[in-house]
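Have a look at the structure below, then the notes.
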Amino acid sequence: YQKLFGLEREVSAIGFGTSINFETPGAQDYEKMLPAIEVAIERGINFFDTAPVYGRGSAESLLGQIANRHELIIATKLGYSIAI
């Protein structure tokens, strides 16, 4: 773990990228993704990378549900306009 950009919390050295899992809109399988994310959290990953174009916000929605139970650090990108 290390400090990132002056955050009070430490960030895992390995992050979980959601693009592969949510890149194609409509192809997401939450029943498969949720256990994968939970295993990552159990193994100490607390940093998750998203973007609005990954499933048109699906990655953020799923991580938001999980964040109610875990303290996550979620990074997202800006600059690409999509209609949700």
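See the values below:
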{"read-out": "Residue within the range 51-59 that is in contact (Cβ under 8 Å) with a residue 12 or more places away in the chain, of a type in the set (D, E, K, R) and under 20 Å from Glu8 (Cβ atoms) present", "value": "no"}
{"read-out": "Top-ranked residue of the range 14-35 - restricted to ones that are surrounded by 11 or more Cβ atoms within 10 Å (Cβ to Cβ) and small (Gly, Ala, Ser), ranked as modelled with the lowest pLDDT", "value": "Ser19"}
{"read-out": "From Glu38, Glu8, residue being modelled with pLDDT of 75 or more, of a type outside the set (A, V, I, L, M, F, W, C) and not in a helix (DSSP H, G or I)", "value": "Glu8"}
{"read-out": "Hits in the range 42-65 - residues which are modelled with pLDDT of 85 or more and surrounded by 18 or more Cβ atoms within 10 Å (Cβ to Cβ)", "value": "Ile45, Asn46, Phe47, Phe48, Thr50, Leu63"}
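The values are calculated or read from the model by the stated rules, or taken from the named source; none is laboratory data. Here the structure is a predicted model, which means the values were calculated and not measured. Glycine also receives a Cβ, built like all others from the backbone with ideal geometry; neighbour counts cover every protein chain displayed.
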